[in-house]
Amino acid sequence: MTIGATALDWSGLSRVRKANAEFSPYGMPGFDRNDCRDAYPTGYAELTDTSGTYVNTYAACFGGFWRGSTYCEAGWHKYGTWNEGGIQVDHQPVANTCGQFVGKNAWRWTTPDMKVYRCSDGFSTFWGGGYTGQTYLTICRAAL
């Protein structure tokens, strides 16, 4: 029994993994917890995704005019100009919309099915298809 417990401890399975602080590809900091208490100490009411892969799953992110995997590239909010369905969209990750004392670009959230997601903030400006440069806060939701 002692050998089994020791082997389990060596594998790291007996310890709960703490999320580590992370930085976006553009050097913006993200939160380092899976419950978002460092950004919202009393929690928040998650909002369902408006587009992308996770529309019909548990809600994870909060805020933004639109939320979903549509706004992600490599697990973080898109950066640069993209052509999306004939509409030009200029994406810019930001680190000033989440957090009470320190601005961060992203946070992590664990859904009731124990899946962990990163919610990364950005602004998206739309040109064409009835848009004339309107800018919206958008949230990238990426599975971790």
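The values are calculated or read from the model by the stated rules, or taken from the named source; none is laboratory data. Note that the coordinates shown come from a computational prediction; the quantities given were computed from them, not determined experimentally. Positions of Cβ are backbone-derived with ideal geometry, glycine not excepted, and every protein chain shown enters the neighbour counts. Ligands, DNA and RNA are excluded from the accessible area calculation, which covers all protein heavy atoms including side chains. Shrake-Rupley method; radii C 1.70, N 1.55, O 1.52, S 1.80 Å.
In segment 34-49, is there at least one residue being surrounded by 11 or more Cβ atoms within 10 Å (Cβ to Cβ), at pLDDT 95 or above and out of contact with any Asp or Glu (no Cβ under 7 Å at 6 or more places or on another chain)?
Taking every residue of segment 34-49 in turn, at least one turns out to be surrounded by 11 or more Cβ atoms within 10 Å (Cβ to Cβ), at pLDDT 95 or above and out of contact with any Asp or Glu (no Cβ under 7 Å at 6 or more places or on another chain).
For Y117, state whether it is part of a strand (DSSP E or B) and within 14 Å of the chain's Cα centre (by Cα).
Yes.
For the structure I just gave you, tell me whether T70 is assigned to a helix (DSSP H, G or I) and at pLDDT 65 or above.
yes
Among the numbered criteria (1) open to solvent by less than 40 Å² (accessible area, probe 1.4 Å); (2) in contact (Cβ under 8 Å) with a residue 40 or more places away in the chain, which single criterion is violated by F62?
Going through the list (1) open to solvent by less than 40 Å² (accessible area, probe 1.4 Å); (2) in contact (Cβ under 8 Å) with a residue 40 or more places away in the chain, F62 breaks only (1).
Could you say whether any residue in segment 78-100 is at pLDDT 95 or above, open to solvent by less than 50 Å² (accessible area, probe 1.4 Å) and part of a loop (DSSP other than H, G, I, E, B)?
Yes, some residue in segment 78-100 is at pLDDT 95 or above, open to solvent by less than 50 Å² (accessible area, probe 1.4 Å) and part of a loop (DSSP other than H, G, I, E, B).
Search segment 73-98 for residues that are within 15 Å of F31 (Cβ to Cβ) and pair each with any residue that is part of a loop (DSSP other than H, G, I, E, B) and at pLDDT 95 or above when their beta-carbon atoms are under 9 Å apart and the residues are at least 6 apart or on different chains.
Correct list of pairs: P93/K78; P93/Y79.
If you take the residues in segment 106-129 that are of a type in the set (A, V, I, L, M, F, W, C) and farther than 19 Å from T53 by Cα, which one is least open to solvent (accessible area, probe 1.4 Å)?
F126
Conditions: (1) under 19 Å from the mean Cα position of the chain (by Cα); (2) modelled with pLDDT of 95 or more. T110 meets all but one. Number of the miss?
(2)
Sort out which residues of segment 41-59 are touching a residue at least 40 places away in the same chain (Cβ under 8 Å) and out of contact with any helix residue (DSSP H, G or I) (no Cβ under 7 Å at 6 or more places or on another chain), and write them in order of number.
P41, E46, D49, T57, Y58, A59
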